[in-house]
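The block underneath contains the structure these notes are about, expressed in structure tokens.
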Amino acid sequence: MSVAIMQPYFFPYLGYFQLVQAADDFVFYDDVMFIKKGWINRNRILMQGKEFLFTIPLEKQSQNKTIRESTVAWGPEFPGKFIVQLESAYKKAPQFNQVMPLIRALFAEQPESMAELAGKSIELVWQYLGLEKRFHYSSELADNQADGRAERLIHITKSLGSSQYINALNGQSLYEKDFFASHGIELFFIKPSLQPYSQGKLASFEPGLSMIDVLMWNEPAVIVAMLKNFSLE
């Protein structure tokens with residue numbers, strides 16, 4: 001049994017979903033500090049053949065809010081304007097009629113927390129693809145937040161009955177396999193692979209976009225195969 005833990009991002013890129021695929025239990029790390037200008041509430045799509053950065057608006061942020069405490073600014077601008085942008089960007093994509101209603105339904109729920117909106121976007125994709133996963137929020141787990149960064153990851157992993165923890169590749173500069181092993185946890189790092197796919201009339205493939213782009217251009221069975229295209233180190 002394996003565990004992966006990551007901050008919840010809104011419709012993150014394919015590599016994030018490969019991390020979800022790699023683990024038996026996936027934990028949304030929602031009670032850590034919200035990082036401004038990161039990827040929690042921002043991502044990229046294609047708009048008229050060019051990269052477009054979108055942002056989910058939040059209520060006034062302070063430096064001391066966790067992701068769970070960060071609230072979405074629902075109103076006349078959002079999600080209405082964003083839905084119009086998505087329709088304009090992907091109305092000719094082959095999976096538009098299947099995917100757009102799912103996004104609309106998610107927005108109709110209007111979850112207050114950015115953590116919940118982001119987490120639901122990821123769970124929604126999993127359901128759409130017909131896959132199963134045990135999802136958790138760190139704020140709902142009994143663990144010791146007084147622990148150091150690595151110690152807390154170890155504690156959460158053990159609390160879910162696992163002895164294997166999978167981290168994003170950039171964690172190699174933060175975490176040592178020997179340290180995790182000394183606490184009875186086998187540490188792995190995931191190396192994602194982003195294979196090109198057709199993006200309509202775009203001349204060259206633009207990798208690393210929001211999962212929205214992947215969903216719009218690819219059938220579910222193709223995406224499921226993409227999720228398995230990674231290696232563990």
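All of the numbers you see were taken from the coordinates with simple rules; none came from a lab. Quick caveat, the model's predicted, so the values are computed rather than measured. Methodologically, a virtual Cβ is constructed for each residue, glycine included, from the backbone with ideal geometry; neighbour enumeration extends over all protein chains shown.
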Shape of segment 89-197, Cα gyration tensor, a/c cut at 1.5: prolate
Peptides ranked, highest mean first, by Cβ atoms within 10 Å: ranges 94-106, 208-220: 208-220, 94-106
Relative contact order for segment 1-129: what is it in percent, counting Cα pairs under 8 Å that are at least 6 residues apart? 27
Classify segment 1-78 as rounded, prolate or oblate, taking a ≥ b ≥ c as the square roots of the eigenvalues of its Cα gyration tensor: rounded when a/c is under 1.5, otherwise prolate if a/b is larger than b/c and oblate if not. oblate
Expected max-MSF residue from 60, 120, 92 in the GNM of the chain (alpha carbon, under 10 Å) is 60
Order of 138, 173 from fewest to most other C-beta atoms within 10 Å? 173, 138
Would you mind ranking 152, 134 so that the residue whose beta carbon has the fewest other beta carbons within 10 Å leads the list? 134, 152
Could you please rank 90, 128, 165, placing first whichever residue has the fewest other Cβ atoms within 10 Å of its Cβ? 128, 90, 165
Given axes a ≥ b ≥ c from the Cα gyration tensor, I'd like to know whether segment 32-167 is rounded (a/c under 1.5), prolate (a/b larger than b/c) or oblate. prolate
